[in-house]
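A quick write-up on the structure given underneath.
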Amino acid sequence: MKTNSSNAVVAKRRAQKPTVMKSKRPAIPYLGWMLVFTIIPLLMVLYYAFTDDKGAFTLKNFLNIADYSHIFLYSLYVALISTVICLVLAYPLSYAISRCTERKQSIIVMFLMVPMWMNFLLRVYAWVLILQSNGPLDTLLQLVGINISLIGNTGAIVVGMVYEFLPFMILPIHAVMAKIDDSLIEAAQDLGCSGFNVFRKVILPLSVPGIISGVTMVFVPTASTFLVAQYLGGDQLMIGDVIERVFQFNHNTGSAIALVLMVVILGFLVFMNRFGDKEAVGR
C-alpha cells in the first residue's frame with residue numbers, strides 16, 4: 001500500500017512539472033524587455049561612470065559631481081516639497097472619490113487621467129503661458145494690486161511638478177481607500193468613535209499602503225525629471241536638466257551623476273519599503 005501511494009505521489013509530481021514550465025513561458029517577453037531596456041542601459045551607465053574617454057578605469061568622474069552638489073540638493077528639496085503638496089491635495093480628494101458610487105468614481109478618475117493623454121511638454125508649456133508676465137494670471141493679479149513674478153522661480157517649478165504628478169498620488173491612494181470595508185467604519189462609529197478617531201484609527205492606518213505607493217510614485221520622477229525647471233524655473237535647474245546638458249559634452253561625468261542619483265533614489269525606495277513593512281507589522 002505504501003509503495004503504491006508513493007508511486008502515485010511521484011507520478012503526480014511528474015505530471016505537474018510541464019505545467020510549471022509552461023507557466024514560466026509568458027515571463028520570457030518581459031525578461032527580454034527588462035534585459036534590453038533596463039539592464040543593458042544600466043550596465044552602460046556603470047561602464048561610462050567608472051571609465052574615462054579612453055576606456056580606462058577612473059574615479060575622477062565622481063569628483064566632478066561636487067560642482068553640481070547644490071543643484072542635487074535643490075532637486076531633492078523641490079521633489080520633497082512637491083511630494084508633500086501632492087499628498088496634502090490628493091488625500092482628501094481620494095477619500096471623497098472613494099465615498100462616491102462606482103460609476104461616479106470611474107468618471108472622476110477618467111477626468112483625472114484626461115490631461116495625461118496630452119504630451120508632457122505641451123502641459124508644461126501651458127503653464128508657461130498661464131504664469132508668464134502679462135499672462136492671464138499675472139493680469140488678474142495686477143488688477144487687484146498684486147505685482148509679483150509668477151515664473152522663473154522655485155514656486156513655478158513646484159506648481160508644474162504638482163500639476164504633472166498629482167494624478168500619480170491620487171490613483172494609488174484612491175485604489176486603497178476604495179477597498180476599505182464600510183462595515184469597519186460603521187463598527188468604529190457604533191463603538192463610540194468620533195469622526196476624527198474613525199479617521200485616525202481606521203481610515204488612515206488602512207490607507208498607509210496607498211500613501212507609500214503615491215509618495216514613491218511622485219518623489220522618484222520629481223527628483224529626476226527635466227524640462228519643467230527649464231521652462232518654468234528660469235535660471236533654476238534641477239539635476240535631470242544637468243544630466244541632460246552634461247551628457248552633451250561629457251557622457252562619463254553625466255553617467256556618474258546619473259548613477260549617484262539612482263543610488264539616492266534606490267535608498268529612498270528601500271526606506272519606503274521598510275517603513276511600509278513596519279506599518280504592516282504594527283497593524
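The values are calculated or read from the model by the stated rules, or taken from the named source; none is laboratory data. Since the structure is predicted, the reported quantities are computational estimates derived from the model, not experimental observations. With ideal geometry, Cβ positions are generated from the backbone for all residues, glycine too; neighbour counts draw on all protein chains shown.
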### Task
Look at Ile40 and say whether it is under 26 Å from the mean Cα position of the chain (by Cα), loosely packed, with under 15 Cβ neighbours inside 10 Å and not charged (D, E, K, R).
yes
### Task
Run down Gly210, Gly234 and say which single residue is in a helix (DSSP H, G or I) and either among the hydroxyl-bearing types (Ser, Thr, Tyr) or surrounded by 14 or more Cβ atoms within 10 Å (Cβ to Cβ) (or both).
Gly210
### Summary
For the stretch 147-203, the count of residues that are basic (Lys, Arg) and outside any loop (DSSP other than H, G, I, E, B) equals 2
### Message
For the list (1) within 18 Å of Val158 (Cα to Cα); (2) out of contact with any Phe, Trp or Tyr (no Cβ under 8 Å at 6 or more places or on another chain), I need the number of the one condition that Arg123 fails.
### Response
(2)
### Task
Looking only at the stretch 43-66, count how many residues are of a type outside the set (Phe, Trp, Tyr) and within 27 Å of the chain's Cα centre (by Cα).
7
#### Entry: Residue list for the stretch 118-147, filter: of a type in the set (Val, Ile, Thr) and either closer than 20 Å to Thr225 by Cα or in contact with a Leu (Cβ under 7 Å, 6 or more places away or on another chain) (or both)
Val124, Val128, Ile130
### Task
Any chance you could count how many residues in the stretch 77-109 are acidic (Asp, Glu) and either surrounded by 13 or more Cβ atoms within 10 Å (Cβ to Cβ) or in contact with a Lys or Arg (Cβ under 6 Å, 6 or more places away or on another chain) (or both)?
0
### Query
So which residues in the stretch 66-92 are under 11 Å from Leu166 (Cα atoms) and touching a Leu at 6+ places or on another chain (Cβ under 7 Å)?
Cys86, Leu89, Ala90
### Single match in Leu112, Leu73 (criterion: in a helix (DSSP H, G or I) and either at positive phi or exposed (fewer than 14 other Cβ atoms within 10 Å of the Cβ) (or both))
Leu73
### Message
I'd like to verify a number: residues in the stretch 194-228 that are aromatic (Phe, Trp, Tyr), touching a helix residue (DSSP H, G or I) at 6+ places or on another chain (Cβ under 8 Å) and modelled with pLDDT under 90, how many?
### Response
1
